Amino acid sequence: MRKSVHPIFHDPTGRRQRWLKCALIFAFFFLCAASVWVLQSLLERPALDETRLPGRMRTEPAAMSDEKIAQMPVRFEGQGEILAPRVVEEAGHAPACEFRRMGGGDPATDWRLVLTFDDGPDPVFTPQILDVLKQYHVPAVFFVVGKNAETHPALVRRMAQEGHEIGNHTFSHPDLAKLSAFQQDMELAATQRIIEVTTGRSTVLFRPPYGGNPDPREATEVVPLVRAASAGYLTVGEGIIPSDWELTMLKPGVQGTRVRQLRTPEDLVNRVIRARQQGHIVLLHDAGGNRSLTVAALPQMITELRAMGYTFVSLSELSGLPREAFMPPIAPLEANMVNGDRVIYFLGFPVQRLLGILFLIATFFGLCRVLFLLVLVLIQWPREKRRRFREGYAPRVTAIMAAYNEEKVIVRSVESLLRSNYRDLDIVVVNDGSTDATLELLYENFGSNARITILDQPNSGKMAAMNNALGEASGEIIMLADADTLFPPNAVHMLVRHFGDDRVGAVAAGVRIGNASDNILTRWQALEYSTCQNFDRRGFDLINCIPVIAGAAGAVRRSAIMALGGFSPDTLNEDMDMTWQLLRGGWRIVNDSEAVAYTEAPNTLRSFLRQRFRWAYGTFQCLWKHRDALGRYGALGRVALPIQWLHQVLLPLLSPFVDVLMFYSIFTGHGSKVALFALLMLATESVAAILAVITGGGNPRLLPWLPLQRLGYHPFMWYVVVKAFFAALAGTAVGWNKFARAGTAEMGGDGAVVQIPVPVEGPEMAVSG
């Protein structure tokens with residue numbers, strides 16, 4: 001594989017960076033303009049045209065607080081189920097809330113009915129209801145919920161085109177008594193804008209969720225109606241309530257008992273007939289649940305009531321008004337706002353739908369990935385116990401280490417290797433131009449040790465230092481070690497024993513956090529290492545596609561790495577790049593969970609973000625470099641790389657938009673669905689985490705942190721991924737970004753019980769798999 005002159009993505013000319021800046025500036029101003037437009041559209045109440053309404057039914061803003069309105073006496077004027085509330089202040093009298101009513105005469109003599117349908121539109125039941133109404137030439141009023149109208153605009157257009165009237169039933173169907181006046185205004189404004197954009201008309205008709213009592217007297221009923229009137233709406237109540245949402249009913253059984261049975265269309269029709277003299281307006285539903293009963297009863301209801309002498313009319317006809325009185329054309333002052341809304345709506349809605357689909361895809365693939373790894377680990381765990389290792393194989397091992405400003409950790413790391421019980425081990429340490437006392441400490445503590453070679457070079461980067469060390473290494477097996485890693489005495493032996501199998505090119509160690517006790521951030525990283533990184537390596541070992549041999553602790557066959565030309569400077573993740581090149585070369589890569597090593601995790605947020613940015617950028621580089629391997633090279637191209645592309649690139653990049661959609665879903669009444677997905681994902685991850693601790697020996701006391709860790713990690717992860725993505729687009733030169741060591745790591749520092757298996761006396765030869 002040809003190595004690039006410059007690291008992958010780097011553009012030394014700066015041309016890509018200039019183009020990206022221009023694109024980002026344009027996108028920023030476009031999003032700002034769109035956001036301001038949407039906010040202005042919602043915050044400014046739509047101007048409703050009431051000029052065609054009778055003077056007594058025109059609404060007036062209430063200049064009083066909700067608390068004062070709630071305490072007012074209520075009185076009624078006129079007859080009907082259409083209400084126009086107003087606050088009346090007369091000299092010598094306390095203020096009162098007066099409901100002026102209209103819409104039909106005495107139901108005993110005025111045999112006209114208006115069918116109304118709430119909660120739609122629904123893609124299943126609304127078209128069926130519209131078909132029945134069209135067949136029997138019956139007009140109706142549809143009180144639409146904004147979130148449903150936004151999702152199914154074609155059905156709203158069909159309602160208007162077929163002559164039906166449309167009313168506002170809020171955006172998310174909340175209990176308005178529990179909302180502030182501002183929240184109610186937002187609910188009504190959002191739905192009004194959708195109706196205007198979809199039909200080219202506005203509406204002055206309103207019905208509150210959970211009932212439109214034509215005789216409101218309680219404060220929880222009165223206050224929302226007065227608020228709506230202040231925004232220009234008439235409230236449409238309902239006198240005939242057949243309760244079509246009830247799909248079962250109690251009927252007489254044997255020996256005086258009552259049994260619950262499914263309701264029939266005849267039951268629903270009979271309820272309407274029995275209540276026919278209680279009003280003119282019939283409350284039905286076309287959404288919000290299973291409305292098959294309503295659909296089935298509607299033809300019979302129309303036929304029987306017509307046979308009894310009733311006629312079905314529109315709400316405007318019942319009131320003796322033209323249709324434009326209730327659904328006026330958009331006011332001239334609103335035209336520009338609506339045209340802008342239409343652009344935003346038709347651009348934004350497909351994006352919203354796409355994000356909804358991506359949210360489901362992300363959840364689905366997230367669950368699939370965890371379940372897939374669960375299965376792999378459950379199969380691999382007993383297989384590891386059946387591994388057999390042959391005696392007599394004791395290759396020379398060289399541990400190589402690059403060091404830059406590691407004065408706080410370098411001595412302890414080298415000493416941990418010197419305490420190894422593997423006999424034929426030497427160490428090569430390369431000082432990469434450190435500006436602290438790293439080189440002096442190396443010479444002071446190990447200058448006379450024949451097993452240690454100390455090299456010094458001008459600062460050239462980790463890859464150059466590792467390749468320099470590799471050139472000095474004499475061992476058949478190369479031990480990879482970071483300058484902060486602490487190795488138990490048996491770690492080298494545990495790794496080397498696998499190379500007795502000539503198919504094995506590299507072995508991954510179980511890396512743990514040695515400074516978990518520093519703070520909550522290091523505890524979260526300790527939990528991540530044991531439940532994610534080590535768990536993943538163990539599972540992918542089964543199908544030979546381990547994503548990365550960690551540079552902090554691992555081993556590689558010298559002939560295999562030399563055949564690659566050493567460590568490549570193409571990427572920042574030299575260990576990941578090396579792993580994938582070995583897999584492409586046909587080598588077997590195995591994991592050994594018993595070969596434990598302890599590394600120091602960043603204990604400040606700044607250091608953590610710098611480290612994770614480097615990892616994310618390096619992963620992008622590796623994925624781009626090995627893009628031609630997708631679908632090839634066994635499980636690497638068919639399993640590991642697709643998972644990396646999905647979970648390390650696509651989903652994190654979309655995460656901010658999916659988060660916005662998630663909060664939007666909660667706001668629009670889908671919070672329970674979002675919570676269900678989140679709990680399902682958390683439950684699955686918890687099972688995997690428990691299994692990881694049981695099989696990998698992590699610290700079980702860290703498990704209660706799992707929900708908070710997943711939540712707390714989330715914004716940091718998408719931040720570094722997005723930052724890395726734009727750095728790659730811009731071609732920015734990205735350095736090693738090494739964080740300053742604190743020197744707080746300890747053997748067993750993750751809090752788990754340190755179990756160091758005692759190797760069998762004498763060297764062993766392994767047969768892995």
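The values are calculated or read from the model by the stated rules, or taken from the named source; none is laboratory data. All of these numbers come straight from a predicted model, not from anything done at the bench. Note: ideal-geometry Cβ built from the backbone for every residue, glycine included; neighbour counts use all protein chains shown. Ligands, DNA and RNA are stripped out before the accessible areas are found, and what is left, the full protein with its side chains, is counted by its heavy atoms. Shrake-Rupley method; radii C 1.70, N 1.55, O 1.52, S 1.80 Å.
Length, then width, then depth: along the principal axes, the Cα atoms of region 157-196 run 36, 16, 12 Å. For Thr453, the residues 5 or more places off, or on other chains, whose built amide H falls under 5 Å of its own are Ile427, Val428, Val429. The GluC sites (Glu not before Pro) of region 552-612 include none that meets both conditions, a loop assignment by DSSP and at most 13 other Cβ atoms within 10 Å of the site Cβ.
DSSP bridge analysis restricted to the chain gives an antiparallel fraction near 35%, rounded to the nearest 5.
With helices as the sole contributors, the chain gives -14000 deg cm²/dmol at 222 nm; each DSSP H run of n ≥ 4 counts as -39500 (n - 2.57), and the sum is divided by every residue.
Our coupling estimate for region 519-533, obtained by passing each phi through the Karplus curve with A = 6.51, B = -1.76, C = 1.60 and θ = phi - 60°, is 6, 5, 5, 6, 5, 4, 5, 4, 5, 4, 4, 7, 9, 10, 5 Hz, Gly and Pro reported as x. Residues in region 72-81 carry Karplus couplings, in order, of 6, x, 10, 9, 10, 10, x, 9, x, 10 Hz; the curve used is 6.51 cos²θ - 1.76 cosθ + 1.60 with θ = phi - 60°, and Gly or Pro positions show x. Working ranking of peptides 644-653, 477-486 by packing, defined as the average number of other Cβ atoms within 10 Å per residue, highest first, is 477-486, 644-653. Ratio of region 611-729's C-alpha Rg to 2.2 N^0.38 Å, to two decimals? This ratio for region 611-729 stands at 1.25.
Taking the centroid of alpha carbons for each part, region 137-186 and region 359-425 are 59 Å apart. Please label the shape of region 453-517 as rounded, prolate or oblate, based on the square roots a ≥ b ≥ c of the eigenvalues of the alpha-carbon gyration tensor (a/c under 1.5 means rounded; beyond that, a/b larger than b/c means prolate, else oblate). Oblate shape, in that a/c is at least 1.5 and b/c is the bigger or equal ratio. Taken along its principal axes, the alpha carbon cloud of region 568-625 reaches lengths of 40, 33, 15 Å, longest axis first.
Once C-alpha pairs closer than 8 Å and six or more residues apart are averaged by separation and normalised to the residue number of the chain, the relative contact order reads 15 percent. Evaluating 6.51 cos²θ - 1.76 cosθ + 1.60 at θ = phi - 60° for every residue in region 623-630, the Karplus couplings come out as 4, 5, 4, 9, 4, 6, 8, 4 Hz, glycine and proline recorded as x.
Using all pairs of distinct alpha-carbon atoms, the Kirkwood hydrodynamic radius of region 518-613 works out to 14.8 angstrom.
Amide H contacts under 5 Å for Arg390: Met765, Ala766, Val767, restricted to partners 5 or more places along the chain or on a different chain, H placed in the peptide plane at 1.01 Å from N. When the alpha carbon gyration tensor of region 460-582 is reduced to an equivalent ellipsoid, the three semi-axes, largest first, read 24, 17, 15 Å.
Can you list, largest first and rounded to whole Å, the semi-axes you get for region 119-202 by taking the square root of 5 times each eigenvalue of its Cα gyration tensor? Before the final figure, lay out the partial values.
Numbers: eigenvalues 117, 31, 22 Å².
Output for region 119-202: semi-axes of 24, 13, 10 Å.
Over all orientations, the chain has a Cα convex hull whose mean projected area works out to 44.5 square nanometres.
Placing unit charges on each Cβ (+1 for Lys and Arg, -1 for Asp and Glu) gives region 71-159 a dipole about its Cα centre, and among Gly104, Gln71, Leu130 the Cα reaching farthest toward its positive end belongs to Leu130.
Accessible surface area normalised per residue over the chain is 43 Å², counting heavy atoms of protein chains with a 1.4 Å rolling probe. Here's the picture: charge each Lys and Arg Cβ at +1 and each Asp and Glu Cβ at -1 in the chain, and of Val236, Ser607, Val409 the one pushed furthest to the positive end of that dipole is Val409. Here the Kirkwood formula puts the hydrodynamic radius of region 379-420 at 14.1 Å, using every distinct Cα pair. Projecting the alpha carbon convex hull of region 109-252 along each direction and taking the average yields 10.8 nm². Once neighbouring chains are kept in place and the probe is 1.4 Å, which whole percent of the accessible area of the chain is contributed by carbon and sulfur? Percent of accessible area from carbon and sulfur atoms in the chain: 60.
Stokes-Einstein, applied to the Kirkwood radius of region 51-167 over Cα pairs at a viscosity of 0.692 mPa s and 37 °C, places its translational diffusion at 192 µm² s⁻¹. Its Cα centre serving as origin, the chain has a Cβ charge dipole (Lys and Arg +1, Asp and Glu -1) of approximately 1580 debye.
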